[in-house]
Structures are given as C-alpha cells and as structure tokens.
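Chemist: Below is one structure. I have some questions about it.
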Amino acid sequence: MSFLNKIQQAEFWSNFLKVALPFFIIVTLISLFMNSWREIFAGDFTTVSKVNFNNGKWMRFFGIKVIISFIYGLYITNKNMK
C-alpha cells in the first residue's frame with residue numbers, strides 16, 4: 001500500500017500518535033535535563049524557565065522537537081503498517 005493511501009486511514013493516525021507523542025516527551029525531557037541538569041535538581045525552576053523558555057526561546061526549544069517527532073512518527077508508522 002502506498003504512503004498516500006496509508007495516511008488516509010484513521011488507524012494510521014492512531015498509530016502515529018502512539019509513536020510520536022512518547023518520542024516527543026522523551027526527547028523534550030532529555031533535552032531539558034541536558035540543558036539545565038543542575039538547576040532542575042536544585043529546584044531552581046525560575047532559572048530553568050529563564051534559560052529555556054523566556055523571551056521566545058520556547059518556540060525554538062519545542063519547535064525542533066515537534067518537527068523531529070512528526071517526521072519520526074510518520075516514518076515509523078509508515079514502515080510498520082502493512
């Protein structure tokens with residue numbers, strides 16, 4: 001079955017969410033820990049927010065993760081559906 005036929009099925013998008021959402025959460029947590037490990041364990045969430053999310057930084061922080069998760073979810077779901 002071709003990719004275009006697969007994406008028209010509701011089952012494809014259900015499986016896509018099962019793959020992409022956990023991947024997004026894991027990538028986000030790993031990135032957050034890598035950027036602010038000390039601040040998170042010290043409980044200094046104001047600094048974590050300032051470093052990662054203030055002044056429009058949240059768009060760059062989440063934007064790349066959304067795009068990567070979308071592409072990964074499409075690839076894996078397409079590969080695993082018959």
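Chemist: For the stretch 31-82, enumerate the residues that are among the basic types (K, R) and either more than 30 Å from M1 (Cβ to Cβ) or in contact with a Gly (Cβ under 9 Å, 6 or more places away or on another chain) (or both).
Modeler: Correct list: R38, K50, K57, R60.
Chemist: Ok, one more. State all residues of the stretch 1-49 that are out of contact with any Ser or Thr (no Cβ under 8 Å at 6 or more places or on another chain) and among the β-branched types (V, I, T); if no residue qualifies, say none.
Modeler: I7, I25, I26, T28, I30, I40, T46
Chemist: Looking at (1) exposed (fewer than 14 other Cβ atoms within 10 Å of the Cβ); (2) modelled with pLDDT of 95 or more, which is the one condition that is false for A10?
Modeler: Exception for A10: condition (2).
Chemist: Does the stretch 28-82 hold any residues that are surrounded by 13 or more Cβ atoms within 10 Å (Cβ to Cβ) and part of a loop (DSSP other than H, G, I, E, B), and which are they?
Modeler: Those that are surrounded by 13 or more Cβ atoms within 10 Å (Cβ to Cβ) and part of a loop (DSSP other than H, G, I, E, B): D44, F53, M81.
Chemist: If a residue has to be more than 21 Å from I67 (Cβ to Cβ) and in contact (Cβ under 8 Å) with a residue 40 or more places away in the chain to count, how many in the stretch 10-56 make the cut?
Modeler: So the count comes out to 1.
The values are calculated or read from the model by the stated rules, or taken from the named source; none is laboratory data. Just so it is clear, the model here is predicted, and its values are computed rather than measured. Please note: Cβ atoms are built from the backbone with ideal geometry, for glycine as well, and neighbour counts cover all protein chains shown.
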